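One structure is given here, and the rest of the page talks about it.
Every read-out reported here was derived from the displayed coordinates using simple, explicitly stated rules and does not represent laboratory data. Please read all numbers here as calculations on a predicted model, not as lab measurements. No Cβ is skipped: glycine too gets one built from the backbone with ideal geometry, and neighbour counts run over all protein chains shown.
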Amino acid sequence: MNPLRVFSASEQVAAHLRSELRKGTWSDCMPGGDLLARELGIGRNTIDAALLQLEQEGLVERQGAGRRRKVLRPGKPVPGPLRVRILSYGVRERKDDVMQDLLYRLQVAGHDVELARQTLQEMKMDPRRVASHVSKNPADAWVIYGGSQEVLASLVERSVPAFALVGRMRDLPIAGVKPDKIPAQRERWNRSLH
């Protein structure tokens, strides 16, 4: 079962307003904060926090005191939510801080996020089993947390839209990120010499 993530009131309002922007409810300017607060039946501070979040995302722009916020992407379709599936190395990784932060950020951005039922360990890091699992669970994008070179290569060969979060991605044409361990290793080496 996925861990429960509770969103603040301002995050929920921001998600609602973001959805309305995607639908094209407002094309030039957003309604004022007082009007939004009355329409949604919530406090002005909550509206202000949600609008600030939309400003930080580059969706709206403040026009000055007493003026409505400008919608920054009129006429341009704002990408809809993605169905993102996350395949973790093991059960322990599902609960670590990196995973929780990733889940939170994707959910707040409005995406449908789900952890895969099985982990890479449970599938014995077998590229065929992973490919079968991925094909039976369609998604717009996959995040592979701690994948082997063979698993990641298999997904690249099948043109699965995937992002490698750590793992053996060297020389593979796959988007990914992993920590730079060289400075820490260099420091450890220097300490061992003294």
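Spin-label model, Leu52/Ala141: points 7 Å from Cα along the beta carbon direction are separated by 2.7 nm.
Between the listed residues Ala141, Met169, Gln53, the Cα displaced farthest toward the positive end of the dipole of the chain, a dipole computed from Cβ unit charges relative to the Cα centre, is found at Met169. Once you've got the GNM for the chain with C-alpha springs shorter than 10 Å, pick whichever of Gly110, Gly43, Gly176 has the biggest mean-square fluctuation. The residue with the greatest mean-square fluctuation here is Gly43. Compared with the dominant Cα axis of the chain, that is its longest principal axis, helix 97-108 is turned about 40°. Note on Ser8 and Arg191: with the Förster distance fixed at 30 Å, the Cβ-Cβ geometry gives a FRET efficiency of about 0.10. Across the chain, the relative contact order, built from alpha-carbon pairs under 8 Å that are at least six residues apart, equals 15 percent. The simple Förster model, with R0 at 35 Å and r as the Cβ-Cβ distance, assigns Thr25 and Val177 a FRET efficiency of 0.50. The charge dipole of region 9-71, taken about its Cα centre with unit charges on the Cβ of Lys, Arg, Asp and Glu (plus for the first two, minus for the last two), comes to roughly 140 debye. Taking Cα centre as origin and charging only the Cβ of basic (Lys, Arg, +1) and acidic (Asp, Glu, -1) residues, the dipole magnitude of the chain rounds to 220 debye. Note down the Stokes-Einstein diffusion coefficient of the chain in µm²/s, whole number, using a Kirkwood radius over alpha carbon pairs, 10 °C, and 1.306 mPa s. Here the translational diffusion coefficient equals 82 µm²/s.
Using the empirical formula 2.2 N^0.38 Å as the baseline, the Cα radius of gyration of region 83-177 reaches a ratio of 0.98. Computed over region 9-71, relative contact order equals 40 percent, with contacts defined as Cα pairs under 8 Å that lie 6+ residues apart.
When the listed pairs Lys23/Lys70; Lys23/Lys95; Lys95/Lys136 are checked against a 27 Å cut-off, the alpha-carbon distance exceeds it for Lys23/Lys95.
To the nearest ten degrees, helix 44-56 and the longest principal axis of the Cα atoms of the chain are 50 degrees apart.
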